[in-house]
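The values are calculated or read from the model by the stated rules, or taken from the named source; none is laboratory data. Since the model is a prediction, treat every value here as computed from it, not as a measurement. Accessible surface areas use protein heavy atoms only, side chains included; no ligands, DNA or RNA. Shrake-Rupley method; radii C 1.70, N 1.55, O 1.52, S 1.80 Å.
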Amino acid sequence: SSPEFTGHCHAFEPFPSTYGDLADVVRQAGLEPFVTTHRIAVGDTPKQVVMSGARHSGLARVNPDTRRGIEVRQARLDDLELPPPDLLKVDVEGMEDRVFRGASRILADHKPTIVFESTYGGESQSDHVGMHLLLEAGYEFFVPSVTAVESELHLRLVPMPPSARTPPRARLRTSAWP
């Protein structure tokens, strides 16, 4: 963390063991003044949802088609009484469209920068739908590119042309800017 940082981060993690790890890291690093952890899933509807279990918590997913797994609370970002974000980092394993729908007011009114990972070509079209929701909200897309110049790393945001927004099968780390 940077000593100049004066903002606040809200971190959402519904999976119980991963939430425990997240809360421990925040506490051990002394970041409680800057990071608030929330043990909830974010989506498009406030309700109880089931996360299908996995060997690794990074593979756990909200699964609307099963009753087997761990039941967790889901909330809409728009419904939480939090200050509007400047940045949303979204990593929700294929549920991006639901997160963006549940944050539609935040996206329309505050236009936070969004960083997310997008996968195309699988069975789920959630990423595709999520990108279209962001386009409708007035976002443009950029792909980060890192280059080394004289032993220094430089980050560039490369505009993503419209023709590259729906490749047949690609994995992109994508930024959306208002």
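Listed values, structure above:
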item	result
Candidate residues Phe34, Phe15: accessible-area rank, largest first, probe 1.4 Å	Phe34, Phe15
Rounded accessible area of Ser145 (nearest 10 Å², 1.4 Å probe)	30
